[in-house]
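I have placed the structure first, in the form of structure tokens, so that the comments after it can refer back to it.
The values are calculated or read from the model by the stated rules, or taken from the named source; none is laboratory data. Model, not experiment: these values are computed from the prediction. In this analysis, Cβ positions are derived from the backbone assuming ideal geometry, glycine residues included, and neighbour counts consider all displayed protein chains. These area figures cover heavy atoms from the full protein model, side chains too; ligands, DNA and RNA do not enter into them. Shrake-Rupley method; radii C 1.70, N 1.55, O 1.52, S 1.80 Å.
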Amino acid sequence: MPNSISTADLPRPFYSEWPRSKSAAAEALWQWHSALAHPLPVGGDGTASSVEAYFDDETERARNTEPLRTVREGVWRAAYEAADVHDLNVDLLASQVSAARQLQGSVRFPTASDLENFAREWAVPHARLLASLAEIEYSWLMKRIDELARGFFFLARFATLPHDLDNGQLFIPVSDLKQNDVQLSELRSGAVTDGVRRVLWKHSIRIRDAFGQGQPILKDLGLRHRLTLKRWWYGGLELLNEIERRDFDVWSEPIELSAYRKLQVYLLTVFGRSTSA
């Protein structure tokens, strides 16, 4: 049976499912993405303008494959080497560096558009690098890949909402809270009120839409990548189903799938058709 789906490995689709010739590059791309989520201390005087200047400079360094201060040397060297060996677009590495500035301090996104823009600067470039590594280069497939990147990113942050809140991060639009008269303190305390459920239900619709928009790519991939992506696609939707079965209580217990649900994902992966769930 394929590896189980859980919140522990959910944010890393296509992390380990590679032939030996590409596994090191995939790991390097994931390490780059993960390290930038927790960048090394920013230099300067800590003012907003100083942070902006710092990340502008780091972004330009990444674009020119120059040494970075944002991540450890081993991380940037491995990512640059992967890009060089596999002819990957370094602008996609640089985009993630630029987006990482929004992960400094207290993380908030005033509107849904702000959150979407971040996802497209942060998650989408990473997904496109992995797609390029998999030699998926057709432009007409990129929109599908972009949508799946959004869906997996939103789902991972949804399933680990309490952890993110503890770290001062909120990946749900503040406007959603205001529209439903929900205070941030309610989310921090884990109070699953009607207002909180409405907010999280709306976020679940955002995720389902992204998965649905990306779903057609499943029929266009080769067998190896199709089976891998189907496992993550079905597994991701089943994790979302699990959150909904718990009436959007993501606080009481970690969001994980039972053995029965994992078996369902496996059977759908092997025998299910590539249709929306």
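Quick notes on this structure:
- Qualifying positions in region 143-175 - buried (at least 20 other Cβ atoms within 10 Å of the Cβ) and polar (S, T, N, Q): Thr160
- Between Leu141, Leu155, Leu187, the distinction of being free of Cβ contacts under 8 Å to residues at least 60 places away in the same chain, over 24 Å from Arg61 (Cα atoms), assigned to a helix (DSSP H, G or I) and out of contact with any strand residue (DSSP E or B) (no Cβ under 6 Å at 6 or more places or on another chain) belongs to Leu187 only.
- Annotation: Leu218 fulfils all but one of (1) open to solvent by 10 Å² or more (accessible area, probe 1.4 Å); (2) over 30 Å from Leu177 (Cβ atoms); the unmet one is (1).
- Which listed residue, of Leu68, Leu88, is within 30 Å of Gly214 (Cα to Cα) and either among the acidic types (Asp, Glu) or open to solvent by less than 40 Å² (accessible area, probe 1.4 Å) (or both): Leu88
- Residue within region 246-256 that is open to solvent by 70 Å² or more (accessible area, probe 1.4 Å), without any contact (Cβ under 8 Å) to a residue 12 or more places away in the chain, part of a loop (DSSP other than H, G, I, E, B) and of a type outside the set (Lys, Arg) present: yes
- Failed item, numbered, when Ala127 is tested on (1) buried (at least 22 other Cβ atoms within 10 Å of the Cβ); (2) more than 16 Å from Ala210 (Cβ to Cβ): (2)
- Single match in Lys178, Lys202 (criterion: open to solvent by 10 Å² or more (accessible area, probe 1.4 Å), among the basic types (Lys, Arg), more than 18 Å from Ile243 (Cβ to Cβ) and at pLDDT 95 or above): Lys178
- Some residue of region 188-195 being closer than 28 Å to Gln104 by Cβ, buried (at least 21 other Cβ atoms within 10 Å of the Cβ) and of a type outside the set (Phe, Trp, Tyr): no
- Region 161-184: number of residues that are under 19 Å from the mean Cα position of the chain (by Cα) and either of a type in the set (Phe, Trp, Tyr) or part of a loop (DSSP other than H, G, I, E, B) (or both): 6
- Condition check for Val124 on (1) in a helix (DSSP H, G or I); (2) among the hydrophobic types (A, V, I, L, M, F, W, C); (3) in contact with a strand residue (DSSP E or B) (Cβ under 9 Å, 6 or more places away or on another chain): one failure, at (3).
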